[in-house]
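Inspection log for the structure reproduced underneath, given as structure tokens.
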Amino acid sequence: MSRFADLFMGMLGAAPKKPEKVSEKVQKIMFLKYEDKDRFIKEKLHAREHHKTSHKWRNRRWAVLIAANLLFVVSFWLDIQLLEGALTASRFIGFHLIDLNSALQVMLAHKHIIVNLFIGTATVFVLWVLLGGRTFCSWVCPYHLLAEWFEALHLKLVEKKIVTDHEFHRGARTVFWVLFALMALVTGYTVFETISPTGILSRALIYGPGLALGWVFLLLLFEVFWSRRAWCRYVCPIGLTYGVVGSISPLRIQYTVEHCFHEGDCRKVCLVPHVLDVTIKNRAAEEHLSLGPDCTRCGLCVDVCPTGALRFNIKGLSRLL
Amino acid sequence: MSTTQTKPAMSLEKAQKARRKFLQSLGLTVTFAGIPLLGFIPVAAANRPPRLRPPGALNERDFLASCIKCGQCVQVCPVQAIKLADIVDGFGIGVPHIDARTQACDFSCDAVQCILACPTGALTYTAPDFHAPRAGASLAAAPILKAKANDPEPTLNLKERMGVARLARPESCLAIQGKGFKGQTRGPAFKGELRYLEVDRRKPIAVRNHPYDLELCDLCVRECPLMDAIELRPVKDAHGVERMTPTVLEPCIGCGVCEMVCPAKPAAIVIDPQAVWKA
């Protein structure tokens, strides 16, 4: 299977594969890297010493996420009508924008698609193809930000050995996606929206809080005390929908094996560490590899990497420039 | 030989671990797929009173299916009549409704803005073909808005009613008692708004800022935004005495203004949400 198909299956839940054939160039890089062990260690320590811990991408991302959600809020509160609606569906200076998963739920439940619904869905589809699919998750979704903060708490408790992370099979999310689609189709109700923390939080911000926030809080508690980032990793069909869109996106994180010391700091901070499988020693088959469609382009790995082996990249842009 | 001996032991432990992970994942799937299905309970509950939906809403089932829970209808309403339901409404979470007693839809927007704003056609001028209107839900004629009575096009583009008004507590109706009304209806703390043509056709104001002095209370008839939807008629009571009685007529679309302005506590006239006209 092609690497594209492997990555796609990886997003659906398949375990990452070891490469069958490593290119000669990479073989040479790896040989040179480990030829002199002392030099390798020395270089590694040197890189560590000179790595300034940066939160550049995280800070940018949080700013964008908060700004996007605040734009919804002030559009309504101050009646400036820039971005009307909520994350499920909205209008940006008059143009329809409709969340792909919400649109899917409505289409399957109602079985009738009006023009505005189609236009809004198509616009958002094109938007996230350009911007990277799951970029929605880490750069826009308000639940992602809350979950990130509660994740820090979870990690602290893990460190103190008060809780342990219970991993589930990543394929569960694919099963959920199918189940939620089937439920909408069969029952004729948008079943998933009842528990979608993205929709609940977006509406709570704009139209005021309600009891539904209790459900969101329960989810966060589950993530703190039982399973790290469980909702985003194993359940959320919105993430998978955008992941599929992002599989053809030119915006991604690119990995350059030559600069990598294979220490795995990136995998520790990542929401979806399976996309960073290539950073394990001898897993990269090519010199430059882009991470799979499940990557949320959050940039935490870019921030944490001491050598710049992981960077944002737009496919084809370097050739254009 | 040693490898073949140790290998089964290793893989047994691995298999157990994999089995545990599979079962836990199955548990997660059953739990998180089951929880949203609880949302069916409030939708199916027989004793749950129907919600008053914004104008142009599809039949309840189709409405819940087609609403994308974005609240754009909430944002365009000039009197903020529309509210979104909470998680206790189950599948109806985030779906708009109106509490007429708190703030009725008074058509201050003239053009039914909420319908224009709806991106999915849950609120619509023209229902899809497969949407069979319930008997009595369709209006006999396009409703004429009092505010637009002198316009070249005085009607609202609305084909179905939201509900029907009903004199639920005739014993507390001031008109039937032959009483007048003086002062602020609903008291000084009431936040509801209404468009008064004699004040400003374009801008709704707080009801409390518009006190009345009426010889015979006719607030429900006076403030009804529609032509010929309700009138005071002499009706004989149980003792054969003729009393001026609010009488709801066929053009009533169930907007709820009568319920909002009724000074009786609780309101003598109420909207039956999603009710149809019965001759």
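The values are calculated or read from the model by the stated rules, or taken from the named source; none is laboratory data. Everything numeric here is computed off the predicted structure, so don't read it as measured data. Positions of Cβ are generated from backbone atoms using ideal geometry, with glycine treated the same way; all protein chains shown enter the neighbour counts.
Are any residues in the stretch B:142-160 touching a strand residue (DSSP E or B) at 6+ places or on another chain (Cβ under 8 Å) and either part of a loop (DSSP other than H, G, I, E, B) or touching a residue at least 40 places away in the same chain (Cβ under 8 Å) (or both), and if so, which ones?
First, pick out the residues of the stretch B:142-160 that are touching a strand residue (DSSP E or B) at 6+ places or on another chain (Cβ under 8 Å): B:142-146, B:148, B:154-156, B:159-160.
Within the stretch B:142-160, B:142, B:143, B:144, B:145, B:146, B:154, B:156, B:159, B:160 qualify.
Can you name every one of the strands (runs of 3 or more DSSP E) wholly within the stretch B:186-260 that holds 2 or more residues which are surrounded by fewer than 17 Cβ atoms within 10 Å (Cβ to Cβ) and modelled with pLDDT under 95? Show your work before the answer.
On the way: elements: B:212-214, B:230-236, B:242-248.
The qualifying strands (runs of 3 or more DSSP E) are B:230-236.
Just for the stretch A:247-283: of the residues that are touching a Phe, Trp or Tyr at 6+ places or on another chain (Cβ under 7 Å) and not polar (S, T, N, Q), which one is surrounded by the most Cβ atoms within 10 Å (Cβ to Cβ)?
Here is the first cut: in the stretch A:247-283, the residues touching a Phe, Trp or Tyr at 6+ places or on another chain (Cβ under 7 Å) are A:247, A:253, A:278-279.
Then drop every residue that is not not polar (S, T, N, Q), which leaves A:253, A:278.
Values: A:253: 25, A:278: 20.
The qualifying residue surrounded by the most Cβ atoms within 10 Å (Cβ to Cβ) is A:253.
Being part of a helix (DSSP H, G or I), under 12 Å from the mean Cα position of the chain (by Cα) and under 27 Å from residue A:164 (Cβ atoms) narrows it down to one of A:267, A:233, so name that one.
None of the other options fit; the residue is A:233.
Could you go through the stretch B:12-20 and let me know if any residue there is touching a residue at least 12 places away in the same chain (Cβ under 8 Å), within 11 Å of another protein chain (Cβ to nearest Cβ) and surrounded by fewer than 20 Cβ atoms within 10 Å (Cβ to Cβ).
Residues of the stretch B:12-20 that are touching a residue at least 12 places away in the same chain (Cβ under 8 Å), as a first pass: none.
Looking for residues that are touching a residue at least 12 places away in the same chain (Cβ under 8 Å), within 11 Å of another protein chain (Cβ to nearest Cβ) and surrounded by fewer than 20 Cβ atoms within 10 Å (Cβ to Cβ), one finds none in the stretch B:12-20, hence no.
Please name all residue pairs, on different chains or six or more residues apart, with Cβ atoms under 7 Å, provided the first residue is in the stretch A:69-80 and is more than 15 Å from residue A:207 (Cβ to Cβ) and the second residue is in a helix (DSSP H, G or I).
A:80/A:74
If I ask for residues that are at negative phi and within 23 Å of the chain's Cα centre (by Cα), which ones from the stretch B:172-188 would you list? First the steps, then the outcome.
Narrowing the stretch B:172-188 to residues at negative phi: B:172-177, B:179-182, B:184-185, B:188.
Within the stretch B:172-188, B:185 is the sole residue that qualifies.
Which numbered condition trips up residue B:84, out of (1) within 25 Å of residue B:108 (Cβ to Cβ); (2) more than 11 Å from chain A (Cβ to nearest Cβ); (3) of a type outside the set (D, E, K, R); (4) out of contact with any Ser or Thr (no Cβ under 9 Å at 6 or more places or on another chain)?
Every condition holds for residue B:84 apart from (2).
Residues of the stretch A:209-219 being assigned to a loop (DSSP other than H, G, I, E, B) and at the interface with chain B (Cβ under 9 Å from one of its Cβ atoms), which ones? So that I can check it myself, show each step before the final result.
Keep residues of the stretch A:209-219 that are assigned to a loop (DSSP other than H, G, I, E, B), which gives A:209-211.
Across the stretch A:209-219, the qualifying residues are A:210, A:211.
Among the residues of the stretch B:85-94, which ones are touching a strand residue (DSSP E or B) at 6+ places or on another chain (Cβ under 9 Å) and crowded, with 24+ Cβ neighbours inside 10 Å?
Residues of the stretch B:85-94 that are touching a strand residue (DSSP E or B) at 6+ places or on another chain (Cβ under 9 Å), as a first pass: B:85, B:89, B:93-94.
Listed by number, the residues that qualify are B:93, B:94.
If you go through the stretch A:184-208 one residue at a time, how many are at the interface with chain B (Cβ under 7 Å from one of its Cβ atoms), of a type outside the set (Val, Ile, Thr), closer than 18 Å to residue B:41 by Cβ and assigned to a helix (DSSP H, G or I)?
Of the residues in that region, 2 qualify.
Are there helices (runs of 4 or more DSSP H) fully within the stretch B:1-112 with at least 3 residues that are over 30 Å from residue B:205 (Cβ atoms) and β-branched (Val, Ile, Thr)? List them.
On the way: elements: B:2-37, B:40-44, B:60-66, B:72-76.
Answer list for the stretch B:1-112: B:2-37.
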